[in-house]
Amino acid sequence: MDLNKEVIIKTVKNKSNSKFRNFPMVPRVVFGSGSFSQLGDILLPMRKSSDAPMIFLIDDVFENSPLVNRVPLLFNDQIIFISADEEPKTAQVDILVTKIKTDFQEAPSGIIGIGGGTLLDLSKAVAILLNNNGLASEYQGYDLVSKPAIYHVGIPTISGTGAEVSRTTVLLGPEKKLGINSDFTTFDQVLLDPDLTVGVASEQWFYTGMDCFIHCIESLNGTYLNAFSQSYGEKSLELCKEVFLGVLSPAESRDKLMMASWHGGMSIAYSQVGVAHAMSYGLSYVLGTKHGIGNCLVFQHLHEFYPEGVELFHKMMQHNNISLPVGICKDITEDQMNKMIKVSMHMVPLWENALGNNWRNTITPSKLRSIYNKI
Ligand code: NAD
Ligand code: ZN
């Protein structure tokens, strides 16, 4: 290549990498109670041939439920039920990809994930790995995916994670819990039907809802805050307050929490999460604690970092009759404690967002140990 051209390309690349992120958004979204009935029409133009199936990855909580009969199956489409008891793993993604490649001669027309954050993340990862060679763990990190994913659709059945809008899919791999962060991760289509969240148990509704609330608090109180994130974060926080402290009808709550989740996800897209997430990653890695409840377990003890947010959180717990489990870290070994601290301290951007460049002055292993000991 001519040297000048190379220099120009490098300069442009460096410039674009260094300052403003060019952020992908979900290009199409349907919202509304009952909108699931439109899924067949939405998928129809995306079907490549009668041999290229739509693959529906569905939370197994819906097995034998009326929802299954409403899935618009055509030709050789397939439903795969998946348990959300454990959070998604890279090996699980690899197994699904191999199964789909073995079961069908043609590549699928699309992957449709129906469920909570667990199923949404699995679907994004499967869609990426169907078009990119190798193992899912090889793509954990930032911008390691080179080819676009297969057409993928996200249909949340519980609200809060923001996984429906984010450009990441969080996976537990052999070495780390880390997302596949890429421009190809974001869904091509999202369908928001608040009716799908009708059956969620009240505690789970609270835990996953609090994931959203905590996204807002961590984003709005972070050093990375900017007008983009703030605009989404403030709207999301307002909706969370209505849902968890107000007196709404169940239908209004479902509508509003679904939109709170969307805005909360958009808010952290252009900023970061903070202390609760950094510490809850440690809990999750060592004890398998799930994301929603893990965030709550940590957040209740973060008065010194988020005084107003934590006060609101306790009010919300009271208002919704929630009591969190206690003694989670009581019997852990010294090794486990050290591992938790290490995993947590590794989340540098989260700490930087929460406390600025000098975060290490506040966050020491003994500081984290003292918080974990309260959980
Ligand atoms: P989940 O998907 O793990 O589901 C929680 C429980 O709710 C499960 O038992 C599930 O079966 C049940 N459930 C879901 N919908 C239901 C319904 N309509 N009726 C009855 N039960 C229902 O929960 P979650 O909190 O949504 O997701 C957590 C996951 O999301 C974690 O793996 C986390 O890492 C991930 N996450 C991803 C992002 C992202 O941007 N990609 C952001 C935050 C969290
Ligand atoms: Zn979260």
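The values are calculated or read from the model by the stated rules, or taken from the named source; none is laboratory data. On a predicted model such as this, the values are computed, not experimentally measured, just so you know. Every residue, glycine as well, gets a Cβ built from its backbone with ideal geometry; the counts of neighbours run over all protein chains shown. Ligands, DNA and RNA are excluded from the accessible area calculation, which covers all protein heavy atoms including side chains. Shrake-Rupley method; radii C 1.70, N 1.55, O 1.52, S 1.80 Å.
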Qualifying position, being of a type in the set (A, V, I, L, M, F, W, C) and either surrounded by fewer than 20 Cβ atoms within 10 Å (Cβ to Cβ) or in contact with a Lys or Arg (Cβ under 6 Å, 6 or more places away or on another chain) (or both), among I111, I55, I79: I79
Being touching a Ser or Thr at 6+ places or on another chain (Cβ under 9 Å) and closer than 28 Å to Q300 by Cβ is the requirement here; does Y224 meet it? yes
If you go through the stretch 40-74 one residue at a time, how many are out of contact with any strand residue (DSSP E or B) (no Cβ under 6 Å at 6 or more places or on another chain) and either of a type in the set (S, T, N, Q) or more than 24 Å from P250 (Cα to Cα) (or both)? 17
Which one of these does L57 not meet: (1) without any contact (Cβ under 8 Å) to a residue 40 or more places away in the chain; (2) outside any helix (DSSP H, G or I); (3) within 13 Å of ligand 1 (Cβ to nearest atom)? (1)
Of residues in the stretch 136-165 being open to solvent by 30 Å² or more (accessible area, probe 1.4 Å) and more than 15 Å from ligand 1 (Cβ to nearest atom), the one farthest from M347 (Cα to Cα): Y151
Kindly list the number of the only condition in (1) open to solvent by less than 10 Å² (accessible area, probe 1.4 Å); (2) within 14 Å of ligand 2 (Cβ to nearest atom); (3) at pLDDT 95 or above that fails for T168. (1)
Of all residues in the stretch 126-162, which are under 25 Å from R47 (Cβ atoms) and either in a helix (DSSP H, G or I) or within 13 Å of ligand 2 (Cβ to nearest atom) (or both)? V126, A127, I128, L129
Buried (at least 20 other Cβ atoms within 10 Å of the Cβ), assigned to a helix (DSSP H, G or I) and of a type in the set (S, T, Y): is that true of T102 in this structure? no
In this structure, is T197 within 17 Å of the chain's Cα centre (by Cα), farther than 24 Å from E352 by Cβ, within 14 Å of ligand 2 (Cβ to nearest atom) and of a type in the set (S, T, N, Q)? no
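This table checks each residue for (1) among the acidic types (D, E); (2) more than 23 Å from G274 (Cβ to Cβ); (3) within 15 Å of ligand 1 (Cβ to nearest atom).
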position: D183; (1), (2), (3): yes, yes, yes
position: C212; (1), (2), (3): no, no, yes
position: L220; (1), (2), (3): no, no, no
position: L225; (1), (2), (3): no, no, no
position: Y232; (1), (2), (3): no, no, yes
position: K235; (1), (2), (3): no, no, no
